[in-house]
Amino acid sequence: MTQPQLWGGRFKKGLADAAKAFSYSLSFDQALLPYDIAVNKAHVLGLMKAGVLTKAEKKTLHRALDEVLDEAPAALTPLPDDEDVHGFVERMVVQKVGDLGKKMHTGKSRNDQVATDVRLYIKHHISDINDLIHTTLKALYDLAVCHKETVFPGFTHLQIAQPVVLAHHVLAYIEKFKRDQNRFVDAFERADVCPLGSAAMAGPNYGIDRLMVAGELGFSDITLNSMDAVSDRDFMFDFLYAASMITLHLSQFCEELIFWSSSVVGFIRIGDEFTTGSSIMPQKKNPDIAELIRGQAGPVVGQFMGLHEMVKGLPLTYNRDLQNDKLLLFQAVDITTSVLECFSGMIPTIDVNKDRIESAMMSGHILATELADYLSQKGVPFRDAHHVVGQMVQHADSVGKQVHELSIDELKGFSPVVELDVSDRLSFKAAIDQKQGIGSTSFLQIQERLNQLKEEFKW
Ligand code: ARG
């Protein structure tokens, strides 16, 4: 039996050491191993059905491929001298079954094989990520349920704006993460198309039943142009876009958690399990995990852009540039998975400090808009009401009060339409309860949305 080689018949010299080190990808594409084994098995089945292999040969090859998967952890340490994961698998199979192993590559190319492997890899990881998003949504839902009556300051420009319910703030992120989940579902559908059977770029010379092979691998569909199939990486962009959006949203929420847990704000405390101390300042309890999550949105968008730059301008069909797409993809998968694991674990450890929240609500004239609405409901044109309340705020500032703490007489001094009923409007709860439209912060609307989510996710 001659030593198997993926290529080399037409070469006089071997690859230079530097070129080898630069171009061999087994160190990272070994992450594709389980998918590469599955692809080889499905292809072998296709070859058998096409009459290229006998039933017995198929059986032998399948058994060898299963063994390779079992033996891989040991066989990959230290890293063997194979060009890539496909070469590794083929060499191992040939070592086991001899010349029969060399028939395995009939009618396929690493070009359609790697594209198929990566699609399977993405599908697998999207399923895991979707489970983690689900856990995250549930953790946020539980937090929202706990605080469906906790009055909370809403901000714009990081300045106090209007009273909301804390659950409303949390529910805002549930909407964002639900959209992210949809983006991953969409990315899954894009990845769920099988390129195997496109061979190097023109298609194979064997009557392989592509639909059968794709079905074996769990794909819903097959690609319809072999040149597109081996060059297409759009499905990776779809994944990376979804990953960049969810890490972006996580970074936004983590920024808020960091702000809320600052000792000067004190709205929340994050559990010890997700905070760290300082090596010099004994009193410190730092939100390091939230900070690390906040910092990961940048790298993921970088991976998206990196792939864009890698693929931009590539002519049809396969080009070796594409080999390094996997580095970007794998990093994005690792980041997305670990930030979701940490974030969903951290949320249940959050303790809310209602006293600190209440004292913050006594700043920033949080009920000023309510007063303007009150005046406008009494017939003052809103623009004028806005101006009058602005003057009330100026006065309240000068006497060291919040606008809603001014007496009725003081308020009347600015507008004659103010009556006793103004006091019914100038409470946080009353302000919240006025917002009855769908999607608003009223207690009723929040309960409604919580009910819908409970129903939708069967919580
Ligand atoms: N390791 C390569 C990749 O991941 C395999 C593709 C085929 N290589 C080739 N020279 N046609 O892209």
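Could you list all residues from the range 90-131 that are assigned to a helix (DSSP H, G or I), aliphatic (A, V, I, L, M) and closer than 24 Å to VAL230 by Cα? Write out each step before concluding.
Initially, the range 90-131 is screened for residues assigned to a helix (DSSP H, G or I), giving 90-103, 110-131.
Of the ones still in play, those that are also aliphatic (A, V, I, L, M) are 92-94, 97, 100, 114-115, 118, 120, 122, 126, 129.
Scanning the range 90-131 gives VAL114, ALA115, VAL118, LEU120, ILE122, ILE126.
From the list ILE268, ILE289, ILE293, ILE258, the one residue that fits, being closer than 25 Å to GLN162 by Cα and within 23 Å of the chain's Cα centre (by Cα), is ILE258.
For the range 372-380, indicate whether the set of residues that are in a helix (DSSP H, G or I), under 30 Å from ILE246 (Cβ atoms) and of a type in the set (Ser, Thr, Tyr) is non-empty. Outline the logic, then answer.
Taking the range 372-380 first, the residues in a helix (DSSP H, G or I) are 372-377.
When the remaining residues are screened for being under 30 Å from ILE246 (Cβ atoms), the result is none.
Among the residues of the range 372-380, not one is in a helix (DSSP H, G or I), under 30 Å from ILE246 (Cβ atoms) and of a type in the set (Ser, Thr, Tyr), which makes the answer no.
Only a single item in (1) in contact with a Leu (Cβ under 9 Å, 6 or more places away or on another chain); (2) farther than 30 Å from THR441 by Cα is not met by ASN205, and it is number (1).
Residues of the range 94-107 that are open to solvent by 10 Å² or more (accessible area, probe 1.4 Å) and within 16 Å of the ligand (Cβ to nearest atom): HIS105, GLY107. Contact map, the range 18-42: residues that are farther than 27 Å from GLU216 by Cβ paired with residues that are in a helix (DSSP H, G or I), Cβ distance under 8 Å, separation 6+ or inter-chain. Pairs shown: SER23/ARG320; SER23/GLN323.
In the range 142-150, is there at least one residue being closer than 30 Å to GLY203 by Cα and small (Gly, Ala, Ser)? Checked against the condition, which is being closer than 30 Å to GLY203 by Cα and small (Gly, Ala, Ser), the range 142-150 yields no hits at all. Counted as qualifying within the range 415-459 are the helices (runs of 4 or more DSSP H) with 1 or more residues that are under 30 Å from the mean Cα position of the chain (by Cα) and closer than 28 Å to ALA385 by Cα, namely 443-457.
Could you tell me whether the range 224-240 includes any residue that is within 25 Å of the chain's Cα centre (by Cα), of a type in the set (Phe, Trp, Tyr), modelled with pLDDT of 95 or more and open to solvent by less than 20 Å² (accessible area, probe 1.4 Å)? Yes; the residues of the range 224-240 include at least one that is within 25 Å of the chain's Cα centre (by Cα), of a type in the set (Phe, Trp, Tyr), modelled with pLDDT of 95 or more and open to solvent by less than 20 Å² (accessible area, probe 1.4 Å).
Suppose we filter MET305, MET346, MET392, MET361 for residues that are open to solvent by less than 50 Å² (accessible area, probe 1.4 Å) and over 21 Å from GLN162 (Cα atoms); which single one remains?
Numbers: MET305 fails: open to solvent by less than 50 Å² (accessible area, probe 1.4 Å); MET392 fails: over 21 Å from GLN162 (Cα atoms); MET361 fails: over 21 Å from GLN162 (Cα atoms).
Result of the check over MET305, MET346, MET392, MET361: MET346.
Okay, residues lined up against (1) closer than 30 Å to GLN402 by Cα; (2) touching a strand residue (DSSP E or B) at 6+ places or on another chain (Cβ under 7 Å); (3) in contact (Cβ under 8 Å) with a residue 40 or more places away in the chain:
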{"position": "LYS312", "(1), (2), (3)": "no, no, no"}
{"position": "THR336", "(1), (2), (3)": "no, no, yes"}
{"position": "GLY345", "(1), (2), (3)": "no, no, yes"}
{"position": "VAL352", "(1), (2), (3)": "yes, yes, yes"}
{"position": "ILE357", "(1), (2), (3)": "yes, yes, yes"}
{"position": "MET361", "(1), (2), (3)": "yes, yes, yes"}
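Exactly one residue out of ARG110, ARG91, ARG119 is within 16 Å of the ligand (Cβ to nearest atom), in contact (Cβ under 8 Å) with a residue 24 or more places away in the chain and touching a strand residue (DSSP E or B) at 6+ places or on another chain (Cβ under 8 Å), and it is ARG119.
Considering the conditions (1) among the polar types (S, T, N, Q); (2) surrounded by fewer than 16 Cβ atoms within 10 Å (Cβ to Cβ); (3) touching a residue at least 40 places away in the same chain (Cβ under 8 Å), THR156 is excluded by exactly one of them, (3).
Mind telling me which of the residues MET201, MET212 ends up being of a type outside the set (Gly, Ala, Ser), open to solvent by 10 Å² or more (accessible area, probe 1.4 Å) and within 16 Å of the ligand (Cβ to nearest atom)?
On the way: MET212 fails: within 16 Å of the ligand (Cβ to nearest atom).
Sole residue among the options that is of a type outside the set (Gly, Ala, Ser), open to solvent by 10 Å² or more (accessible area, probe 1.4 Å) and within 16 Å of the ligand (Cβ to nearest atom): MET201.
Taken as a whole, the structure places THR135 among residues that are part of a helix (DSSP H, G or I) and either open to solvent by 40 Å² or more (accessible area, probe 1.4 Å) or free of Cβ contacts under 8 Å to residues at least 12 places away in the same chain (or both). Comparison of ASN324, ASN286 shows that the only residue that is within 16 Å of the ligand (Cβ to nearest atom) and not acidic (Asp, Glu) is ASN324. Considering each residue of the range 228-240 in turn, none proves to be out of contact with any helix residue (DSSP H, G or I) (no Cβ under 9 Å at 6 or more places or on another chain) and in a loop (DSSP other than H, G, I, E, B).
For the range 324-341, the criterion of being open to solvent by 50 Å² or more (accessible area, probe 1.4 Å), of a type in the set (Ser, Thr, Tyr) and under 22 Å from the mean Cα position of the chain (by Cα) is satisfied by at least one residue. Here ASP81 clears all of (1) crowded, with 18+ Cβ neighbours inside 10 Å; (2) touching a Phe, Trp or Tyr at 6+ places or on another chain (Cβ under 9 Å); (3) not in a helix (DSSP H, G or I) except the condition numbered (1).
The values are calculated or read from the model by the stated rules, or taken from the named source; none is laboratory data. All values reported here derive from a predicted model rather than from experimental measurement. Cβ coordinates were reconstructed from backbone atoms using ideal geometry, including for glycine residues, and neighbour counts include every protein chain displayed. These accessible areas exclude ligands, DNA and RNA; they are computed on the full protein's heavy atoms, side chains included. Shrake-Rupley method; radii C 1.70, N 1.55, O 1.52, S 1.80 Å.
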